Amino acid sequence: MTLFDEFDRIAVINLPSRPDRRRAILKDLARAGIAADDPRLVIFPAIRPEDAGAFPSIGAHGCFRSHLGVITAAERDGVQRLLILEDDLQLQDAACHAQELLAQGLRGNDWCFAYPGHTYVLPKQAAGDPERAVWLTSDAPLVCAHFYALHHQILGPLRQYLEACLQRPAGDPAGGPMHVDGAFSMFRAMTGATTLLASPSLGGQRSSRSDIHANRWYDRWPGVAVAVAWLRRCRNHFATA
């Protein structure tokens, strides 16, 4: 049984202007047995605001609202276990194979957040066989939100917190406009929400042009951008080879 079998909704956040990323993530999901017409699979059109507002950038603003939109819809629809993927996720091969230990760990009600993929550096003694990944609990702040899951018991409180952040000024001690991964970390710290991390991580961020941060010069020059895109495809290929 794969990890993906445990979710009744698999939401992919994708900007309509990035069909390249949509194709890449759908190809990865197909490797994991999730077809494009799987009824659990939802492509959420990422939000692109007109301005940054009080957020660090337009991209950060849109990312925050996009995750909030996915969470709000899942709460409304009575989703029990929600998996959220950003479209620049790159699955490790092990994520596409049977992961019975991870699947079993999600069947109870003793977790709120679960990160199958993350950038947190685990202690050396926690590193294990990727084909038999296990869950570890963590209360550490976590960077990135490209591959995570939410239990239904936390959807309402998390949605309310994110909405409250939109109403507060940036830098508010209770949390204001910020990168969404920062908001998740603040919420987890304030509520003590049980958080699981897969050991080892089963997914990272695919190398591609950023939609959150300002593009570097080589992504803005048409001739150079084509070459850079080719190099990124090579890098992504060998990362999972």
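Assess whether Thr119 counts as being surrounded by fewer than 21 Cβ atoms within 10 Å (Cβ to Cβ) and farther than 30 Å from Asn14 by Cβ.
Numbers: surrounded by fewer than 21 Cβ atoms within 10 Å (Cβ to Cβ): yes; farther than 30 Å from Asn14 by Cβ: no.
No; evaluated as a whole, the condition is false for this residue.
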**Study point:** Filter pass, Arg168 being in contact with a Gly (Cβ under 6 Å, 6 or more places away or on another chain), assigned by TED's automatic domain parsing to the domain that holds Gly108 and modelled with pLDDT of 95 or more
**Key:** yes
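Looking at Ser207, Ser185, which one is modelled with pLDDT under 95 and not aliphatic (A, V, I, L, M)?
Values: Ser185 fails: modelled with pLDDT under 95.
On inspection, the qualifying residue turns out to be Ser207.
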Check your understanding: Applying the selection to the range 143-165, what residues are among the β-branched types (Val, Ile, Thr) and at pLDDT 95 or above?
Key -> Ile154
Check your understanding: Quick one: would you say Asp219 is in contact with a Lys or Arg (Cβ under 8 Å, 6 or more places away or on another chain), at pLDDT below 55 and outside any strand (DSSP E or B)?
Key -> yes
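Determine whether Val228 is closer than 27 Å to Asp28 by Cα, in the same structural domain as Pro116 (by TED's automatic domain parsing) and at pLDDT below 95.
Working: closer than 27 Å to Asp28 by Cα: yes; in the same structural domain as Pro116 (by TED's automatic domain parsing): no; at pLDDT below 95: yes.
Answer is no for this residue.
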Point to revise | Filtered residues of the range 1-29 (kept if surrounded by 13 or more Cβ atoms within 10 Å (Cβ to Cβ), of a type outside the set (D, E, K, R) and more than 13 Å from Leu85 (Cβ to Cβ)) | key: Thr2, Leu15
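The values are calculated or read from the model by the stated rules, or taken from the named source; none is laboratory data. If you're wondering where the values come from, they're calculated on a predicted model, not measured in any experiment. Please note: Cβ atoms are built from the backbone with ideal geometry, for glycine as well, and neighbour counts cover all protein chains shown.
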